[in-house]
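Step one of this worksheet: look at the structure below.
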Amino acid sequence: MTQATPRGVVFTDLDATLLDHHHYGWAPAAPALAALAARAVPVCLVTSKTRAEVAALRRDLDNAHPFAVENGGAVAVPRGYFEGAPVDADTPCDCITLGAPYAELRALAVALRAERGYRFTGFGDMDVGEVVAATGLDEAAAAAARQREASEPLLWRDSEAALADFTTRVAAAGFTTRTGGRFVHVLGRAGKGDALAWLRARFAARQGPILAIALGDSANDADMLAAADIGYWVARPDGSYHAPAGGAIRHAPGIGPAGWAAAIRALIDNNELQER
């Protein structure tokens, strides 16, 4: 008896991957997203953004699939999704914390700054206007970005040596840091790779083994790409890649959403991405 081909599920970073680094648009990826939707291939957003930010984006994308936020610190699943119930982008979600609660992470960052004199500005230090200035988001999106549940982003203003020392002390306290495109994130011991693994198990329980495809552009995506069956580094805004291609990890031929779309199109054209 021939074993069924695993069905594809796409796990994707947002900023500088599916979304443009400068203006957060995804127009170049729209045809690829439509092609995935036509094939009933789930696209699970895995991002440093908050649940509040992703809620608005999922409506814009018409995305009704599970997603992970704050660098894998929490996973949200539309109610009834894995039981086969009909859902849409506005279906209420159950949220599962995989990492650590925000209050603990914020308290640690503040305590280390007071003790060691590190120079950084955390989201907990910023008002909405300051988040707008730091991110380029509009005020509504910036307000949503401040609704943290499982990570504290820091605008690091100190040396690399100070960051290495800070990282060591965060780890000694039982937490971790990850560096994204704009921020250093303090979070619990759960990353995007853990979120992918958690969701993979739920998809497998519902429909059998999946082919996990992951796309990202920066250090905080590395464990997600490593946990996938096929990973893609999307080119960064300057055209470079975070790490070399090799093994199951490839280079998407393009920057941001254009590179994202090219990777998805290659998977479809090469018959690597099976429908659900």
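Before moving on, here are some points about what is shown:
- Summed residue charge, Cβ within 11 Å of residue 194's Cβ, Lys/Arg positive, Asp/Glu negative: +2
- Fully extended contour minus Cα-Cα distance, from residue 201 to residue 165, at 0.36 nm per residue: 9.4 nm
- Per residue solvent-accessible surface (Å²) - the range 102-187, probe of 1.4 Å: 46
- For the chain, share of DSSP beta bridges that run antiparallel, in % to the nearest 5: 50
- Were the residues from residue 95 through residue 157 laid out at 0.36 nm apart, the gain over their Cα-Cα distance would be 19.1 nm.
- Relative contact order %, the chain, counting alpha carbon pairs below 8 Å whose residues are six or more apart: 24
- Ranking 81, 241 from most to least accessible surface, computed with a 1.4 Å probe over the protein chains only, gives 241, 81.
- Those trypsin sites (Lys or Arg not before Pro) in the range 33-82 that DSSP places in a loop and that have at most 15 other beta carbons within 10 Å: 39, 79
- Toward the positive end of the charge dipole of the range 102-187, with +1 on the Cβ of Lys and Arg and -1 on the Cβ of Asp and Glu, the farthest Cα among 184, 136, 159 is that of 159.
- Computed from Cα atoms, the angle from the helix 102-116 axis to the main principal axis of the chain rounds to 40 degrees.
- Relative to the longest principal axis of the Cα atoms of the chain, the long axis of helix 256-269 makes an angle of roughly 30 degrees.
- Accessible-area composition of the chain, carbon plus sulfur, in percent [1.4 Å probe]: 52
- The chain: most fluctuating residue of 30, 228, 140 per GNM, C-alpha cutoff 10 Å: 140
- Remark: the range 196-254 carries 38 Å² of accessible area per residue (probe radius 1.4 Å; ligands, DNA and RNA excluded).
- Taking packing as the residue-averaged number of other Cβ atoms within 10 angstrom, the listed peptides 129-139, 183-193 run from highest to lowest as 183-193, 129-139.
- Calculated FRET efficiency, residue 103 to residue 240, Cβ-Cβ distance, R0 = 30 Å: about 0.20 to the nearest 0.05.
- Sum of -39500 (n - 2.57) over DSSP H runs of 4+, divided by residues of the chain (222 nm, nearest 500): -11000 deg cm²/dmol
- Residues residue 59 and residue 248, FRET efficiency given R0 of 41 Å [Cβ-Cβ distance, rounded to 0.05]: 0.80
- When 169, 116 are compared by accessible area at a 1.4 angstrom probe, the order from most to least is 116, 169.
- Cα-centre dipole for the chain with unit charges at Cβ (Lys and Arg positive, Asp and Glu negative), debye to 20: 500
- Prolate/oblate/rounded call for the range 1-103, Cα gyration tensor, a/c under 1.5 rounded: oblate
- Angle between the chain longest axis and helix 160-172 axis [Cα atoms, degrees, rounded to 10]: 80
The values are calculated or read from the model by the stated rules, or taken from the named source; none is laboratory data. Keep in mind the model is a prediction, meaning the values are calculated, not measured. Note that each Cβ is placed from the backbone with ideal geometry, even for glycine, and that neighbours are counted across all protein chains shown. For the accessible areas, the whole protein counts, side chains as well, though only heavy atoms, and no ligand, DNA or RNA atoms are used. Shrake-Rupley method; radii C 1.70, N 1.55, O 1.52, S 1.80 Å.
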